[in-house]
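In what follows, a single structure is set out as structure tokens and then discussed.
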């Protein structure tokens, strides 16, 4: 049996993320037009460093950021994040 046949009843949604997941985080931190930034990861790093904190792309840093991200603000500032949440509701 082919692998594809085993998953034929699973819903699949494709979500376009503009630039990177970091643009979603920036949206939730109230950054203006996060999906239009050329390098959202660098912008996130700069934002964190301006707050006097150390940034490294790690699970621990992203866990801490998740506590600061306002989902409603992120939805209002990021179309792709809104689309992602809608797909989660459909699952």
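Throughout, read-outs are computed from the coordinates displayed, never taken from laboratory work. All of these numbers come straight from a predicted model, not from anything done at the bench. All Cβ positions, glycine included, derive from the backbone under ideal geometry; neighbour counts span all protein chains shown.
Report the FRET efficiency, 1/(1 + (r/R0)^6), for residue 47 and residue 88, where r is their Cβ-Cβ distance and R0 is 22 Å, rounded to 0.05. Show your work: numbers first, answer last.
Values: r = 26 Å, r/R0 = 1.18.
Once rounded, the FRET efficiency stands at 0.25.
So what's the back-of-envelope 222 nm ellipticity for the chain, counting only DSSP H runs of four-plus at -39500 (n - 2.57) apiece and dividing by all residues, rounded to 500? Display every interim value, and only then the final one.
Numbers: 6 runs with 52 residues, N = 91.
Computed ellipticity for the chain at 222 nm equals -16000 deg cm²/dmol.
Which value in Å does the Kirkwood hydrodynamic radius of segment 44-85 take, with 1/r averaged over all unlike C-alpha pairs and then inverted?
Working: mean 1/r = 0.0869 Å⁻¹.
By the Kirkwood definition, the hydrodynamic radius is 11.5 Å.
On C-alpha positions alone, give me the angle between the axis of helix 59-68 and the longest principal axis of the chain, in degrees, nearest 10.
Around 80 degrees separate the two axes.
In percent, what relative contact order does the chain have, based on Cα pairs under 8 Å that are 6 or more apart in sequence?
On the way: 83 pairs, mean separation 33.3, N = 91.
Once normalised by length, the contact order is 37 percent.
If each residue of separation counts as 0.36 nm, what is the full-extension length gain between residue 70 and residue 57 once their alpha-carbon separation is subtracted?
Values: separation 13, 0.36 × 13 = 4.68 nm, distance 1.99 nm.
Extra length from residue 70 to residue 57 when fully extended: 2.7 nm.
For semi-axes √(5λ) of the Cα gyration tensor in Å, which listed value, (i) 30, 15, 12; (ii) 35, 14, 9; (iii) 72, 16, 9, comes from the coordinates shown?
It is the one labelled (i).
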